[in-house]
Amino acid sequence: MPQATQTTPTPQAAPAPKPKPPEPPPEFQERDIATMDAAALIGILTDRSSAEFQKAKACQRIGELGTSEAVPALSTLLSNEHMNTYARYGLEPIADPSADDALRAALSKLKGNLLIGVINSIGKRRDAKAAPSLTKMLYDSDGDVARAAAMALGNIGGVSAMQELQSAIVKTKGMTRMAVADASLVCAERLLAEGQRAQALELYASLSAPGMPKSARLAAMQGIIREETSTSRPR
Amino acid sequence: MTTRRQILKTAVAPMIVPSLVLGQRAGAVPPSDKIVFGGIGIGARGGHDLRTLLNFSQAKFVAICDVRNERREEVKSMVDQKYGNSDCQMYDDQYALLARPDIDAVLIATGDRWHTPLAIIAAQHGKDVYCEKPCSMSMEESWALADAFRRYNRIYQAGCQRRNGGNFELCKELLKSGALGKLETLYANVGPSVNWPPLPSRDWLAAEELPPRQVLDWDRWLGPAPWRPYNSAYVRGGWRNFYDFHGGGILEWGSHTVDLCQWAAELDDTQPVEYEPVGTNTGPYQVLAKYASGVKLVMRDDGWEGSLKTGSCSFRLEGDKGWVETGDATRIECSDNIKPLLRPTAPANLALASHMEDLLRSIKTRQQPRASASAAANSHVVCHAAFIAYQRGKKLTWDPTKREFSNDDIANRMRSRALREPWRV
């Protein structure tokens, strides 16, 4: 019989409140940094007496404001192990090309994870001027750097990146080869989005060859099928 | 003669397996037909998922990866006890687990900051994924997630199990049948602000002495989140409500209830175009959103059980002829004209088992399950947009096609977050 209000199990009760985390100490409270203007935030970054916490929050706030005047101050933090992410938090959303210049300049100064962070930000911003440096890094002795460079190149996209990735996939192995294959798939999608269908299909075809990493090979085949069966494909 | 091996080598089209062979919770399943799972970051919620998964005879769980030694051992103990052996392998490096060719799928139930990067890495390794919600920390992560699973043609089931809950399904059915009339407003209870304020803290807790790396690898625990000093309260579950680890209070339940609204209204492929925040960070609040069609979406703090006591994670559908509302209490409240159309439904606590079964079926059939990466990405983008509007304290207009706010540059800069090196999406 239909019923308006059904018999049910006991409603899920609110869980017992978890013990509240301790109160942040005064030196780790954001307070007025959240509402500071760009000049004051840059002041925090350039003041040698500023604490890490203050700098971290200033970077994040600058990222929201997108202040290009902060680029030099943010750039100095890229080499700081604790602050690198925060510096990129500030730099990544700044539309001004000076942010690209700063990230590109850092490529030759950093190593390891700090370098990888910068490469990742360059890839996110799709800075084509960084492509020559990234291409060299495809063969870096640090495999993590090589993989990051591949992904950045894939994100940047274009025929030049496509050719570099195609070249790298036969020269690399293991996890780096997987990353190059993944980057190539992204690059193919970029090419398709930019109307370079023939190049994208060529890239998919090369990734479909025997010997390619299995998951990328299947993805490339799917890419071909998706594209060839698309109702919007050229006929 | 063409051999089976040759066919498999060249096959790229989805392989359809009759559902007849699926869904068997008891009885023998040949080992070759079992879907082999690994798990990453299984804690309290993940343990619930895992216990549910272990009840399916067509699934086999073989490996756990965690940065916490005690968690690894707890999961191994649970699994080994269930299977009566000691086969569950433990890892502290996700790449080692994902490199195992025998593993078909992974259960990801880490903290939120890890969800998208790990799911994408799993897809790159050819694995299917069940991932707890919230699935992303930002709009950018949401899009990257959907892109990766489309690119690799992998199955992804977000932990939005209510999509497979009988009472929620009935509400959707009532809307689709026309019983509610023309849809006017969707209501998503995004949870009590006392538990999850819409604006999380950007503060840090005091530094404590780091435990030995073999007990807790703080670097990997932080993962893609920006560095901060260690404090044990984060690791004990206190990471929620800190901005660097959390996508804001709206996303906490909104990843369920906004997701339900989008699903029920068959709006899984889009988002509202307006977001207007109302209220404060300490009291009940709302974000009023509107789709291009004129349908409204109200994301509101309606208390833990909802004002109609329909239970946690409630949602409500209102049309010009009637309304329905339900939540985890399973009970459905509705307008008088809808009452004759109600029927008993399965208890809401069975939703997770149905959701897991949906995943297992999808892995076999290669058809996406109900909470696919694409659907989850869109509903998460709605929550992120509402969170950004709340942070900005102003009405924002959103273009779902261009993926940008049309009236606020700062809001656009909040669509992504920098990930700590070496992680990326």
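Computed from the coordinates by the stated procedures, all read-outs in this text should not be read as laboratory data. Predicted, not measured: the structure shown is a model, and the values here were computed from it. Because the Cβ atoms are built from the backbone with ideal geometry, glycine has one as well, and the counts that use them run over all protein chains shown.
Details
- Debye intensity ratio in log₁₀ form over the Cα atoms of the stretch B:376-425, taken at each q of 0.23 Å⁻¹: -0.88
- Taking every C-alpha pair closer than 8 Å and separated by at least 6 residues, the mean separation divided by the residue count of the stretch B:92-248 gives a relative contact order of 21 percent.
- In terms of surrounding Cβ atoms within a 10 Å radius of their Cβ, B:K60, B:K127 rank from fewest to most as B:K60, B:K127.
- Summed over all non-identical Cα pairs, the Kirkwood treatment of the stretch B:153-275 gives a radius of 17.5 Å.
- The value obtained for the stretch A:155-210, namely the Cα convex hull volume divided by the number of residues, is 62 Å³ per residue.
- Listed residues B:A146, B:A119, B:A179, most fluctuating in chain B (Gaussian network, C-alpha, under 10 Å): B:A179
- The stretch A:116-197: projected area of the alpha-carbon convex hull, averaged over directions, in nm²: 4.6
- Relative contact order %, the stretch B:31-70, counting alpha carbon pairs below 8 Å whose residues are six or more apart: 56
- Over all orientations, the protein assembly as shown has a Cα convex hull whose mean projected area works out to 30.6 square nanometres.
- Using R0 = 30 Å, the C-beta based FRET efficiency linking B:M90 and B:S201 works out to 0.35.
- Computed on the Cα trace of chain A, the radius of gyration divided by the Kirkwood hydrodynamic radius gives Rg/Rh = 1.15.
- Across the stretch A:136-186, the mean sequence separation of Cα contacts (distance under 8 Å, 6 or more residues apart), normalised by length, yields a relative contact order of 40 percent.
- Three-way shape label, chain B, alpha-carbon gyration tensor, a/c 1.5: oblate
- Divide the volume of the convex hull around the Cα atoms of the stretch B:86-190 by the residue count and you get 162 Å³ per residue.
- Largest-first principal axis extents, alpha carbons of the stretch B:264-383, Å: 46, 34, 31
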